[in-house]
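The values are calculated or read from the model by the stated rules, or taken from the named source; none is laboratory data. It should be emphasised that the depicted structure is a prediction, and the values quoted were computed from it without experimental measurement. FYI the Cβ positions are ideal-geometry reconstructions off the backbone, even for glycines, and counts take in every protein chain you see.
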């Protein structure tokens, strides 16, 4: 797990999880500065909306992450680390059914009828333990 998004944290994390010499595409965040010095082919891409480079690399991923951030900030205002997995589960559920709203509704009805409600303790339990 990363402590923060600083250069001090990101460099060692990338080095531990990505093969040396790999092409690493990132946004322009300064925390990624120094990846080239660690042996990676670092290719930062500007995240400005009109950037032509950005449109070529993972456009759907950018749109999905943008939608996630907007949804979290707009609907929930913020998401604590403790509850983030539950918020992400909800986002994935909604995203995967975004083109079939009735299927989402029917799935929720079926799940609600077949399973007892989750308790707060179950939602916030540390699943890694």
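Table for the structure above
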{"quantity": "Matching residues, the range 3-14, being closer than 23 Å to residue 58 by Cα and part of a loop (DSSP other than H, G, I, E, B)", "calculated": "5"}
{"quantity": "Any hit, the range 60-74, residues being farther than 29 Å from residue 10 by Cα and either assigned to a helix (DSSP H, G or I) or modelled with pLDDT of 85 or more (or both)", "calculated": "no"}
{"quantity": "Filter result (outside any loop (DSSP other than H, G, I, E, B) and either surrounded by fewer than 12 Cβ atoms within 10 Å (Cβ to Cβ) or in contact with a helix residue (DSSP H, G or I) (Cβ under 8 Å, 6 or more places away or on another chain) (or both)) within the range 15-40", "calculated": "15, 16, 17, 23, 24, 26, 30, 31, 32, 37, 38"}
